[in-house]
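The values are calculated or read from the model by the stated rules, or taken from the named source; none is laboratory data. This one's a predicted model, so the numbers in the text were calculated from it and none came from an experiment. Cβ coordinates were reconstructed from backbone atoms using ideal geometry, including for glycine residues, and neighbour counts include every protein chain displayed.
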Amino acid sequence: MRRTPQRASRRKDCGANPIVKIENLSFRYFGSEEYALKDVNLEIRRGDFVVLAGRSGCGKTTLLRCLNGLIPNFYEGDFFGRVIVDGMDTRKTPTHLLSQVAGMVFQNPDNQLFALNVEADIAFPLENLGVPREIILERIEWVLKLLKIEDLRNRSPFELSGGQKQKVAIASILVMKPKILLLDEPTSSLDPLSAKGLIESIIELNRRENLTIIISEHRLELLLPYASRLIVMDQGRIIYDGHPRNVLEKADLMAYGVAAPRVAEVARYINAYNGCLKFERIPLSISEFVERVREVIG
Amino acid sequence: MIRFEEVEFVYPSGVKALDGINLEIRDGEIVALMGENGAGKTTLLKHLNGLLKPSKGRVLVDGLDTRETTVAQLARKVGLVFQNAEDMFFSNSVWEEVAFALRNFGYDEHVVRRRVDWALKFMELDRYADNSPFLLSGGEKKRLALAIVLAWSPKVIALDEPTTGQDQLQKEKLMEMIKLLREQGKTIIISSHDVEFVAQLKPRIILMKNGRVIADGKAEEIFLDEELLRACNLLPPQIVSLVKHLDFLGLEPALKHPKEVAVEILEAVKARNPHTI
């Protein structure tokens, strides 16, 4: 494996500073031969809604772990390059500071919840940071309302449904007012209706709070209509990075384990027939598809 | 053949997880149990190999009453792949993990070797043969759990949420595998809320809610009933919704392949616009 030399820091003057800047990042886990990330370069702007896709094992989870400092501060291994999150070099910043900027929600909410009731679970990270009581209470109200889970406040996390638990897990992150929300396949254990509800909440957080979202997810049909970027990874590298429509138009994502939404697939077949209906822009949602059909039939 | 007769199951906590289940699953059938989390899907699957025994009623597997049969006996007929694959693992290597059950069933070492190698290769895990199962990724762990069961080739294969955390290529692979197993005459029972996956498989669907079966029929019928699906926290496949939203073209709602739908849409648009070519 080629070692990526660490470059001297270089400054780019391209308007607003990106909230995430990754330079020549390579990482392999301790005891593993292969690198999980290979020479990754990436800039993410504030308010971006980034969907990470690719085969399992392609490096999505590893990349997310690099953004909240779990790598290299918690997972050991060979780390080359730089990850700057909100101006902080992740190698030089303690995780408790990073986690206030970039909060992570995992696949399984059970690993994140442990208190006797929802309010206590949400309050925990703030109490841990020594935030004054009145501010904690204020934040809890804000976040319960934001995620529309006010009715859950006194419930035990263990009696909640999967979707509710995942919302509480998100609340316990948002309460720290992070600038970036990282989500690692958050709907993978949810049923479709709960998954839809969760994704709608995430979309709203991006739109209303301008929260930067970086989410790895297999269910693209719900996310792509709202995402500003789709990043496809393969074997530790970034293969495609662009607006979801552009990425879908230029790439056959199936080879990378990514299923395009069915509407896009149908539109592709239709375009291949070269008949009376043509999609100049590949539709990402049913409504975009229907709109185009209506246009054509007048 | 598998038969559930008036099966009721109550967990020690008092939760009634199955309530008056009557079912018959014939040899060689592909069945998808669908429904929201907590509907009773996993509990039902665990009755297939006797891990759980009915509180009331009975379950017959090939005529054997599960209450009077040991799990070891039933396991030869019914292989159950758990949702949390990790729960199954305890060996130091992926290879040993697959070999364990085979040795337990008393196969000769050369048979064990051949079957383990085959199963690992089939599930694309051969390169991890010497690794610890606990170091695999989520998707790989799932495939290992499947490899373990495939290796001893039971007649009935039950998969609890097999697509969770799997990427599209792995899902396609799983689909191929299920079809291959069907060719071999195996009975496949999966629990899933992956609507898109099940829509491609087009199995018999058993919809569950609160421990009861609320619908039982072909995928082609069940997936058209949005109200019924929503009652189970499910959504129709996107292709069905698309066709529904194109009702102004006069398309009949149906569960079809995207390619068929593309052709139908083109024909309908052409009929509307005779002047365009």
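Give the number of residues within region B:166-187 that are closer than 27 Å to residue A:234 by Cβ and crowded, with 22+ Cβ neighbours inside 10 Å. The qualifying residues number 4. Within region B:235-253, identify whether any single residue is within 14 Å of chain A (Cβ to nearest Cβ), crowded, with 18+ Cβ neighbours inside 10 Å and touching a strand residue (DSSP E or B) at 6+ places or on another chain (Cβ under 7 Å), and answer yes or no. The answer is no, given that none of the residues of region B:235-253 is within 14 Å of chain A (Cβ to nearest Cβ), crowded, with 18+ Cβ neighbours inside 10 Å and touching a strand residue (DSSP E or B) at 6+ places or on another chain (Cβ under 7 Å). Note on region B:26-47: residues that are within 14 Å of chain A (Cβ to nearest Cβ), under 13 Å from the mean Cα position of the chain (by Cα) and either crowded, with 24+ Cβ neighbours inside 10 Å or basic (Lys, Arg) (or both) total 5.
Being crowded, with 23+ Cβ neighbours inside 10 Å, of a type in the set (A, V, I, L, M, F, W, C), out of contact with any Cys (no Cβ under 9 Å at 6 or more places or on another chain) and under 23 Å from residue B:38 (Cα atoms) is a property that residue B:197 lacks.
Scanning region B:131-160 for residues that are within 17 Å of the chain's Cα centre (by Cα), at pLDDT below 90 and more than 30 Å from residue B:110 (Cβ to Cβ) yields a total of 1.
Restricting the first member to region A:179-201 and to residues that are within 7 Å of chain B (Cβ to nearest Cβ), and the second to residues that are surrounded by 23 or more Cβ atoms within 10 Å (Cβ to Cβ) and part of a strand (DSSP E or B), the beta-carbon pairs closer than 6 Å and six or more apart or on different chains are A:185/A:216.
Entry remark, region B:254-277: residues being more than 26 Å from the chain's Cα centre (by Cα), among the aliphatic types (A, V, I, L, M) and more than 9 Å from chain A (Cβ to nearest Cβ) number 1 in total. For region B:80-137, what are the residues that are assigned to a helix (DSSP H, G or I) and polar (S, T, N, Q)? The one that is assigned to a helix (DSSP H, G or I) and polar (S, T, N, Q): B:104. Between A:201, A:161, A:194, the distinction of being modelled with pLDDT under 95, buried (at least 21 other Cβ atoms within 10 Å of the Cβ), more than 30 Å from residue B:271 (Cβ to Cβ) and of a type outside the set (A, V, I, L, M, F, W, C) belongs to A:194 only.
Considering region A:240-264, the residues that are within 12 Å of chain B (Cβ to nearest Cβ) and charged (D, E, K, R) include one that is surrounded by the most Cβ atoms within 10 Å (Cβ to Cβ), namely A:262. Entry remark, region A:143-154: residues being surrounded by 14 or more Cβ atoms within 10 Å (Cβ to Cβ) and modelled with pLDDT of 90 or more number 5 in total. Being farther than 18 Å from residue A:107 by Cβ and within 14 Å of chain A (Cβ to nearest Cβ) holds for only one residue in B:140, B:172, and it is B:172. Residues that are hydrophobic (A, V, I, L, M, F, W, C) and either part of a loop (DSSP other than H, G, I, E, B) or more than 25 Å from residue A:213 (Cα to Cα) (or both) were ranked within region A:152-173; the one that is nearest to the chain's Cα centre (by Cα) is A:160.
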